[in-house]
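Participant: First the structure, which I've put down as structure tokens, then a few questions once you've had a look.
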Amino acid sequence: MRCSSPAAFCAILIFVAASAVGQAAESGLSRAQAFARTGVLKEIGEKMFFDASLSASGKLACATCHDPDHAFGPADARPVEFGGPDGHQPGLRAVPSLKYLQADPAFTEHYHESDDEADASVDNGPTGGLMWDGRADRGRDQARLPLFSPFEMANASSVDLAARIRRGSYAEDLRKLIGERRFADDERVVAAAAEALEAFEQDERFYPYNSKYDDYLAGKATLSAQEAQGLTLFNDPSKGNCNACHRSELSGNATPPQFTDYGLIAIGLPRNRDIPANADPTYFDLGACGPLRSDLAGRKDYCGLFKTPTLRNVALRHTFFHNGLVHSLREAVAFYVERDTRPEKWYPRDAAGQVLKFDDLPAQYHANVNTEPPFGQRPGNAPALSPSEIDDIVAFLQTLTDGYEGR
């Protein structure tokens, strides 16, 4: 693993150390013992990550949808992936990348950034958590969700999953780690497996900070004229204004940017009719207020809000947005500047020819849709970005791909 800067290296070490120290405090282990335990968990978690036998179908591993060669995201362009007991049950949302999640804060309805990042007095609203709707606060909580999801790995119970774990190639290592008594307890075995997957996903491979942009920030690479122009447009509040949600600057303590503010936002995407669930006209994926998240079901002001993903490695994706609506990075950027200026391009029309804007969100929630720049312009106005400027931003976004070798 090659870090692009001392700041990136320090961020990794601080995060790993904090995890181990926290574990030591919770378990009574010494720091050395906690680090050793984390190392064993990471090795077990890596084996589990690639083990399809943990699924009810025997065909689906974590790595099936989170391919290491595609930034731990999907390798194909399908809007949703398939799982379930027979491997044929469609999911409800596009699969996100598992990279650069290590700094995500726990979900809160009122998020205040630290003084070295922004104005700590500003309430940024619902922020944080993992998954598209922010419903899991820790990696081990997130890891459990696909293991039991009926359209993913589809384990019917902890009893079923624990039995599969005990048959794994890593079973003996896990037994030695947690002890015979715990290894005989189904719930404890599942909890240990989730912790192991969490430990693996804290490995440096998930946050290497070695893109061209990281080298640029460290003074070790130069952006091309088009990439530099794309960065300017990305940050310009009157043009792309991407930086408002996808932070591009070093933090006050020189930590590399995560390219997300971790916030939840409604952008009014068109309904993706390639998602099987959407064949039902009464079904709506409302993000933070359901159906997969239940604790905020009564919060109408949260309906339509989805987590702002990191843009790191975005150029490796084949599907974009929570519903996998578009299949090119250029079209994803274009949506932001054309949603309001050219709605007829993006949304269907009714029998009378009226554009059905925000057709994937019931009308009572339309007020939740974000209208900050580059949104908010009137139909027929010139988009905030010209076609060539969209190309410039795409060129910049391509500098966020890990594994830059251009020194």
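Participant: Could you say which residue among 396, 335 is under 15 Å from residue 266 (Cα atoms), open to solvent by less than 40 Å² (accessible area, probe 1.4 Å) and touching a helix residue (DSSP H, G or I) at 6+ places or on another chain (Cβ under 7 Å)?
Facilitator: The conditions single out 335.
One line per residue, one yes/no per condition, for (1) of a type in the set (Asp, Glu); (2) at pLDDT 95 or above; (3) farther than 28 Å from residue 401 by Cβ:
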{"residue": "59", "(1), (2), (3)": "no, yes, yes"}
{"residue": "79", "(1), (2), (3)": "no, yes, no"}
{"residue": "89", "(1), (2), (3)": "no, yes, yes"}
{"residue": "100", "(1), (2), (3)": "no, yes, no"}
{"residue": "119", "(1), (2), (3)": "yes, no, yes"}
{"residue": "151", "(1), (2), (3)": "no, yes, yes"}
{"residue": "154", "(1), (2), (3)": "no, yes, yes"}
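Participant: Now a separate question. Out of (1) surrounded by fewer than 22 Cβ atoms within 10 Å (Cβ to Cβ); (2) in contact (Cβ under 8 Å) with a residue 40 or more places away in the chain; (3) under 20 Å from the mean Cα position of the chain (by Cα); (4) under 21 Å from residue 373 (Cβ atoms), the odd one out for residue 309 is which?
Facilitator: Of everything listed in (1) surrounded by fewer than 22 Cβ atoms within 10 Å (Cβ to Cβ); (2) in contact (Cβ under 8 Å) with a residue 40 or more places away in the chain; (3) under 20 Å from the mean Cα position of the chain (by Cα); (4) under 21 Å from residue 373 (Cβ atoms), residue 309 misses just condition (1).
Participant: For residue 157, state whether it is small (Gly, Ala, Ser), open to solvent by 30 Å² or more (accessible area, probe 1.4 Å) and under 24 Å from residue 84 (Cβ atoms).
Facilitator: Yes: the conditions hold for residue 157.
Participant: Next question, about the same structure. Looking at residue 384 and the list (1) surrounded by fewer than 16 Cβ atoms within 10 Å (Cβ to Cβ); (2) over 18 Å from the mean Cα position of the chain (by Cα), which single condition is not satisfied?
Facilitator: With (1) surrounded by fewer than 16 Cβ atoms within 10 Å (Cβ to Cβ); (2) over 18 Å from the mean Cα position of the chain (by Cα) applied to residue 384, the lone miss is (1).
Participant: Hey, another quick one. Taking the options 257, 270, name whichever one is over 18 Å from residue 332 (Cβ atoms), open to solvent by less than 10 Å² (accessible area, probe 1.4 Å) and modelled with pLDDT of 95 or more.
Facilitator: Exactly one residue qualifies, and that residue is 257.
Participant: Pick from the range 166-201 the residues that are open to solvent by less than 40 Å² (accessible area, probe 1.4 Å) and part of a loop (DSSP other than H, G, I, E, B): which of them is farthest from residue 44 (Cα to Cα)?
Facilitator: 179
Participant: Would it be correct to say that residue 231 is more than 20 Å from the chain's Cα centre (by Cα), crowded, with 22+ Cβ neighbours inside 10 Å and touching a residue at least 60 places away in the same chain (Cβ under 8 Å)?
Facilitator: yes
Participant: Limited to the range 266-317, what total is found for residues that are at positive phi and assigned to a loop (DSSP other than H, G, I, E, B)?
Facilitator: 4
Participant: Ok, one more. Would the range 323-334 turn up any residue that is among the hydroxyl-bearing types (Ser, Thr, Tyr) and either in contact (Cβ under 8 Å) with a residue 12 or more places away in the chain or touching a Cys at 6+ places or on another chain (Cβ under 7 Å) (or both)?
Facilitator: no
Participant: What single numbered condition from (1) within 20 Å of the chain's Cα centre (by Cα); (2) under 26 Å from residue 228 (Cβ atoms) fails to hold for residue 372?
Facilitator: All conditions pass for residue 372, except number (1).
Participant: In the range 55-73, how many residues are over 16 Å from residue 101 (Cβ atoms) and in a loop (DSSP other than H, G, I, E, B)?
Facilitator: Qualifying residue count for the region: 7.
Participant: Same structure, new question: Could you grab me the full set of residues in the range 207-228 that are of a type outside the set (Lys, Arg), buried (at least 18 other Cβ atoms within 10 Å of the Cβ) and assigned to a helix (DSSP H, G or I)?
Facilitator: Across the range 207-228, the qualifying residues are 213, 214, 215, 216, 217, 227.
The values are calculated or read from the model by the stated rules, or taken from the named source; none is laboratory data. Note that this is a predicted model, so its numbers are computed, not measured. Virtual Cβ from ideal backbone geometry, glycine too; neighbours counted across all protein chains shown. We work out accessible area using only protein heavy atoms, side chains counted, and drop any ligands, DNA or RNA first. Shrake-Rupley method; radii C 1.70, N 1.55, O 1.52, S 1.80 Å.
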